[in-house]
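The values are calculated or read from the model by the stated rules, or taken from the named source; none is laboratory data. From a predicted model like this one, the values you see are computed outputs, not experimental measurements. Please note: Cβ atoms are built from the backbone with ideal geometry, for glycine as well, and neighbour counts cover all protein chains shown.
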Amino acid sequence: MLVPAARTAAHTLATHGIPLSRKELARQLRADGHHLSNATASALVRVLRAEATPPASASPNLSHPEAA
(Lines give C-alpha, C1' and ligand atoms only; values in the text may rest on other atoms or scores of the structure.)
Protein backbone atom coordinates (compact mmCIF):
# COMPACT_ATOMS: atom_id res chain seq x y z
CA MET A 1 0.00 0.00 0.00
CA LEU A 2 1.21 3.50 -0.78
CA VAL A 3 -0.03 5.26 2.38
CA PRO A 4 3.21 4.73 4.37
CA ALA A 5 5.25 5.91 1.38
CA ALA A 6 2.93 8.90 1.00
CA ARG A 7 3.46 9.80 4.67
CA THR A 8 7.22 9.70 4.12
CA ALA A 9 6.93 11.77 0.94
CA ALA A 10 4.71 14.32 2.70
CA HIS A 11 7.28 14.59 5.49
CA THR A 12 10.01 15.16 2.91
CA LEU A 13 7.94 17.89 1.27
CA ALA A 14 7.26 19.56 4.63
CA THR A 15 10.97 19.42 5.50
CA HIS A 16 11.70 21.33 2.31
CA GLY A 17 8.88 23.82 2.92
CA ILE A 18 6.77 22.55 0.04
CA PRO A 19 3.00 22.54 0.70
CA LEU A 20 1.19 19.24 0.27
CA SER A 21 -0.59 19.03 -3.08
CA ARG A 22 -1.45 16.24 -5.49
CA LYS A 23 1.19 17.40 -7.93
CA GLU A 24 3.98 17.63 -5.36
CA LEU A 25 3.07 14.38 -3.63
CA ALA A 26 2.99 12.55 -6.97
CA ARG A 27 6.31 14.09 -7.97
CA GLN A 28 7.96 13.05 -4.70
CA LEU A 29 6.53 9.53 -4.76
CA ARG A 30 7.68 9.06 -8.35
CA ALA A 31 11.13 10.38 -7.41
CA ASP A 32 11.12 7.78 -4.61
CA GLY A 33 10.50 5.05 -7.21
CA HIS A 34 6.75 4.54 -6.88
CA HIS A 35 4.38 4.30 -9.82
CA LEU A 36 0.98 5.92 -9.36
CA SER A 37 -1.74 7.69 -11.25
CA ASN A 38 -2.84 11.23 -10.58
CA ALA A 39 -6.12 9.83 -9.24
CA THR A 40 -4.20 7.74 -6.71
CA ALA A 41 -2.14 10.76 -5.73
CA SER A 42 -5.37 12.72 -5.16
CA ALA A 43 -6.74 9.94 -2.96
CA LEU A 44 -3.50 9.84 -0.97
CA VAL A 45 -3.64 13.60 -0.37
CA ARG A 46 -7.18 13.19 0.97
CA VAL A 47 -5.99 10.42 3.32
CA LEU A 48 -3.04 12.47 4.57
CA ARG A 49 -5.16 15.57 5.14
CA ALA A 50 -7.77 13.51 7.00
CA GLU A 51 -5.04 12.08 9.23
CA ALA A 52 -3.72 15.57 9.96
CA THR A 53 -7.15 16.95 10.89
CA PRO A 54 -8.40 15.66 14.24
CA PRO A 55 -12.08 14.77 14.42
CA ALA A 56 -14.28 17.50 15.89
CA SER A 57 -15.23 15.25 18.81
CA ALA A 58 -11.57 14.56 19.70
CA SER A 59 -11.23 17.70 21.80
CA PRO A 60 -13.86 18.61 24.35
CA ASN A 61 -15.51 21.99 24.18
CA LEU A 62 -14.04 23.55 27.31
CA SER A 63 -15.78 26.85 26.71
CA HIS A 64 -19.13 25.33 27.67
CA PRO A 65 -19.85 25.73 31.43
CA GLU A 66 -20.88 22.08 31.86
CA ALA A 67 -17.57 20.85 30.42
CA ALA A 68 -15.55 22.25 33.35
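Of the conditions (1) assigned to a loop (DSSP other than H, G, I, E, B); (2) surrounded by 10 or more Cβ atoms within 10 Å (Cβ to Cβ), residue 19 satisfies every one except a single condition; which number is it?
Among (1) assigned to a loop (DSSP other than H, G, I, E, B); (2) surrounded by 10 or more Cβ atoms within 10 Å (Cβ to Cβ), residue 19 violates only (2).
Of the residues that sit in the range 3-16 and are closer than 16 Å to residue 30 by Cβ and hydroxyl-bearing (Ser, Thr, Tyr), which one is surrounded by the fewest Cβ atoms within 10 Å (Cβ to Cβ)?
Result: 8.
Within the range 22-47, track down each residue that is surrounded by fewer than 15 Cβ atoms within 10 Å (Cβ to Cβ) and among the acidic types (Asp, Glu).
32, the sole residue that qualifies.
Residue by residue, here is whether (1) more than 21 Å from residue 13 (Cα to Cα); (2) at pLDDT 65 or above; (3) outside any helix (DSSP H, G or I) holds:
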residue	(1), (2), (3)
29	no, yes, no
34	no, yes, yes
40	no, yes, no
43	no, yes, no
46	no, yes, no
49	no, yes, no
57	yes, yes, no
61	yes, no, yes
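Hey, can you tell me all the residues within the range 1-16 that are among the hydrophobic types (A, V, I, L, M, F, W, C) and either outside any loop (DSSP other than H, G, I, E, B) or in contact (Cβ under 8 Å) with a residue 24 or more places away in the chain (or both)?
Correct list: 2, 3, 5, 6, 9, 10, 13, 14.
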